Amino acid sequence: MKLSDELPVDHRLATVYRIGAGLCGTILLAFGILGFTRQLGFFDTSGDHIAGLSSNGLLSLISVVVGVLLIAGAAVGGNVASTLNMTIGTLFLLSGFAHLFILDRPANILDFGMPNVVFSFVMGLLILVFGMYGRVTGGLPHDNPYWRHRHPEQAARESRQTRVQTLR
C-alpha cells in the first residue's frame, strides 16, 4: 500500500493545512528577506541579529527557500500541504536537536544561537501540528475522511444505517 492510498483527496481539513503552511511560510520568508536586506555575509558567524535571532546569508537563503516551499504547498493545498508540513516540521525539530550539539563550535555554519534553537523547536512543532491535524490519532471521529478511508466497510455500513434512519 502506498501512502497516497491512505489519504482522502477532498476534505475540509485541507483549509487547516493551507493556513498552517501559508502562515509559517510567510514568517520564514519575511525572516529570510530581512536577512538579505541587511546584506549579511554568507558564512558569517559574527552574531548579526534579525528579529532577535542570529543569522547569516546562508540561513537567510534556507529560510527563503523553505518559506517559498511552504507557501507553494499552501497554494496546492490538500494532502500535499499536509505531507509537506509534516516533513518540514520534522526537519525543523531535527535541526533544533542538531544545533543544540554544535552551539559555539566551528561546525555552526548557520550561526545558530540558543534563541534560534528554541525558534526551530517552536516552528517545527507548529508546522508539524498543522500537518498532522485531523490525520494522526487513534480516536478519529467516524465522520473524519481519514477514518472513513481506513475503514471503508464500517463506514459504508454506518452510511446505510444513517440513510435508513432518515427515511423512517
Practice problem: With r as the distance between the Cβ atoms of residue 155 and residue 133 and R0 = 25 Å, compute the FRET efficiency 1/(1 + (r/R0)^6) and round to 0.05. | Solution: 0.75
Exercise. Please calculate how many Å² of accessible area the range 20-96 carries per residue, with a 1.4 Å probe and no DNA, RNA or ligand atoms counted.
Key: 44 Å²
Self-check item: Under-5 Å amide H pairs with residue 54, H placed in peptide plane, nonlocal only
Solution: 113, 116
Quiz prompt | Dipole of the range 5-105 [Lys/Arg +1, Asp/Glu -1 at C-beta], most positive-end residue of 16, 33, 98 | solution = 33
Quiz item: Roughly what would the spin-label model give for residue 51 and residue 162, points 7 Å off Cα along C-beta, in nm?
Solution: 4.1 nm
Exercise. Sort the following peptides by mean Cβ neighbour count (other Cβ atoms within 10 Å, averaged over residues), highest first: 103-113, 153-163, 122-132.
Key: 122-132, 103-113, 153-163
Quiz prompt | Paired Rg and Dmax values of the range 29-168, which use every Cα atom, in angstrom | solution = 21.4, 75
Quiz item: For the range 22-168, which whole-number percentage of the solvent-accessible area (1.4 Å probe, protein heavy atoms only) is attributable to carbon and sulfur atoms?
Solution: 69 percent
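The values are calculated or read from the model by the stated rules, or taken from the named source; none is laboratory data. Every value quoted in this text rests on a predicted model; they were computed, and no experiment measured them. For neighbour counting, all protein chains shown are included, and Cβ atoms are generated from backbone atoms with ideal geometry for every residue, glycine included. Each accessible area value is taken on the protein alone, full model and side chains, heavy atoms only, with ligands, DNA and RNA left out. Shrake-Rupley method; radii C 1.70, N 1.55, O 1.52, S 1.80 Å.
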